[in-house]
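Structure first, commentary second.
None of the figures in this text is laboratory data; all of them are computed from the coordinates on show. Since the model is a prediction, treat every value here as computed from it, not as a measurement. Quick reminder, even Gly has a Cβ in these numbers, built from the backbone with ideal geometry, and neighbours come from all protein chains shown.
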Amino acid sequence: MPDYPADEAANKLGELIDAALAGEHIVIITADGRRVRLMPMRPRRVFGSMKGRVKVAPNFDADDNDFERLFYGDDPPKKP
């Protein structure tokens, strides 16, 4: 894990970004000794990106008596 002083890191920031994107662990050290890790971020999730890829059964929300029996026994609660 290479460590770079802040002034050196500022001069070669483009190279360090490329190295971090390639999987290298980059640490930048400030003049007072504090350390910062340079690492790639995960891609953001896009709402609706799974549209058309997921199939839902037409009866997915139908009553399932066997399933209810697991929770309530043979005397399920009355439905409104």
Longest segment of the chain with no chymotrypsin sites (Phe, Trp or Tyr not before Pro) in a DSSP loop having at most 11 other Cβ atoms within 10 Å?
1-46
Note down the nm distance, to one decimal, between modelled labels 7 Å out along Cα→Cβ at Asp3 and at Glu68.
6.6
List the GluC sites (Glu not before Pro) in region 1-75 that DSSP assigns to loop (not H, G, I, E or B) and whose Cβ has at most 16 other Cβ atoms within 10 Å. Which are they?
Glu24
Only sites in a loop by DSSP and with at most 11 other Cβ atoms within 10 Å count here; which trypsin sites (Lys or Arg not before Pro) in region 25-79 make the cut?
Arg34, Arg44, Arg45, Lys51, Arg53, Lys55, Lys78
